[in-house]
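Notes follow the structure.
The values are calculated or read from the model by the stated rules, or taken from the named source; none is laboratory data. Computed from a predicted structure; not experimentally measured. For neighbour counting, all protein chains shown are included, and Cβ atoms are generated from backbone atoms with ideal geometry for every residue, glycine included.
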Ligand code: ADP
Ligand code: MG
């Protein structure tokens with residue numbers, strides 16, 4: 001018999017209701033040991049509630065939470081080998097950085113020498129060597145976020161839960177932290193479960209992503225699978241920009257019935273009087289230009305074009321849009337109704 005290791009996290013039939021609100025309406029999920037897993041979805045779709053049930057801050061209305069094969073559904077947070085990093089990471093202002101990081105170890109009565117050593121290691125893991133003596137107020141936002149991360153890593157949990165931890169940072173810093181977080185995760189080998197409503201963030205760091213919609217998982221896959229093969233109109237629209245075609249327009253464009261999606265960067269645009277649409281807007285954005293085109297077939301689409309050469313298409317011009325058949329993704333029917341229910 002082969003010995004298959006238990007997943008780091010297994011959620012089975014997980015539900016949580018707050019009065020009449022079904023915050024989590026049936027989630028089944030397995031997250032592998034060492035995986036960087038993201039939960040991506042709009043505000044209110046149940047991501048935080050799932051995270052809180054994994055951490056033990058919230059008791060499920062139904063279903064089970066297993067960590068490393070052990071049913072922990074009814075265990076208290078401190079009985080689970082899990083740590084959480086929240087968006088408002090609230091460092092102690094009167095303690096130095098290293099004292100903040102070792103605080104949890106102190107509470108657990110780890111000897112002074114050992115806890116200082118582990119705190120220094122955790123600070124090194126987040127590239128903050130030499131910052132231990134500072135007060136949090138003397139650190140930048142990105143540095144404080146890394147202290148919060150070190151404070152969780154120092155406990156060496158099997159699983160680290162991160163709830164929109166980069167939400168308070170400006171865009172540049174957030175993008176930098178995304179790259180660093182991924183590197184840190186690879187280095188420490190801890191399972192990361194990362195919650196975000198930001199699709200770029202979800203795609204950037206993750207081994208796999210679960211897209212949440214109204215308390216359920218609409219799709220699970222690698223970032224590429226979720227982006228290139230959205231399982232529903234909701235996923236196509238939430239993860240990236242998508243042109244979705246249905247009804248008579250779809251039949252006119254693709255010669256078959258159904259609902260189809262084509263990503264903006266998969267469309268080619270050239271000027272031409274014998275075209276199939278008219279340019280309604282041209283939005284120049286540095287590396288790319290975004291064209292909004294009204295197709296004769298009766299649909300407005302977005303085209304993204306890389307600015308490798310000066311643009312030759314302008315507003316009001318007739319253009320021909322073309323695409324490769326392999327980039328036309330059929331979206332399973334019946335999903336449109338559910339999306340807007
Ligand atoms: P997300 O993190 O995806 O934004 P949440 O898990 O925070 O979503 O919330 C899911 C739904 O549950 C929302 O409708 C929210 O208002 C509701 N909810 C969450 N926590 C509570 C609570 N403690 N009491 C009542 N409703 C809640
Ligand atoms: Mg949330």
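Side notes on the structure shown:
- Any chance residue 199 is under 30 Å from residue 240 (Cβ atoms) and away from ligand 1 (no atom under 16 Å from the Cβ): no
- Scanning region 307-321 for residues that are at negative phi and either at pLDDT below 95 or in a loop (DSSP other than H, G, I, E, B) (or both) returns 307, 308, 309, 310, 311, 312, 313, 314, 315, 317.
- Whichever residue in region 30-49 is more than 8 Å from ligand 1 (Cβ to nearest atom) and more than 21 Å from residue 236 (Cα to Cα) and, among such residues, is surrounded by the most Cβ atoms within 10 Å (Cβ to Cβ): 31
- Evaluation of residue 114 against (1) assigned to a helix (DSSP H, G or I); (2) closer than 30 Å to residue 7 by Cβ (one fails), failing number: (2)
- Pairing residues of region 184-208 that are within 17 Å of residue 87 (Cα to Cα) with residues that are part of a strand (DSSP E or B) and away from ligand 1 (no atom under 16 Å from the Cβ), at Cβ distances under 6 Å and at least 6 apart in sequence or on separate chains, gives 192/36; 192/160.
One line per residue, one yes/no per condition, for (1) crowded, with 16+ Cβ neighbours inside 10 Å; (2) touching a helix residue (DSSP H, G or I) at 6+ places or on another chain (Cβ under 9 Å); (3) more than 29 Å from residue 21 (Cβ to Cβ); (4) without any contact (Cβ under 8 Å) to a residue 24 or more places away in the chain:
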| site | (1), (2), (3), (4) |
| --- | --- |
| 223 | yes, yes, yes, yes |
| 247 | no, no, yes, yes |
| 260 | yes, yes, yes, no |
| 283 | no, no, yes, yes |
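- Hey, residue 15 in contact with a strand residue (DSSP E or B) (Cβ under 9 Å, 6 or more places away or on another chain), within 13 Å of ligand 2 (Cβ to nearest atom) and farther than 15 Å from residue 210 by Cβ or not: no
- Region 162-208, residues that are within 16 Å of residue 32 (Cα to Cα) and within 16 Å of ligand 2 (Cβ to nearest atom): 193, 194
- Count - residues of region 285-304 that are over 18 Å from residue 261 (Cβ atoms) and surrounded by fewer than 17 Cβ atoms within 10 Å (Cβ to Cβ): 6
- Meets criteria (assigned by TED's automatic domain parsing to the domain that holds residue 193 and part of a helix (DSSP H, G or I)) for residue 121: yes
- Tally, over region 32-43, of residues that are more than 8 Å from ligand 2 (Cβ to nearest atom), out of contact with any helix residue (DSSP H, G or I) (no Cβ under 6 Å at 6 or more places or on another chain) and under 22 Å from residue 240 (Cβ atoms): 2
- Residue in region 230-239 that is touching a residue at least 12 places away in the same chain (Cβ under 8 Å), within 16 Å of ligand 1 (Cβ to nearest atom) and on the phi > 0 side of the Ramachandran plot present: no
- Any hit, region 5-27, residues being more than 15 Å from ligand 1 (Cβ to nearest atom), over 18 Å from the mean Cα position of the chain (by Cα) and modelled with pLDDT under 95: yes
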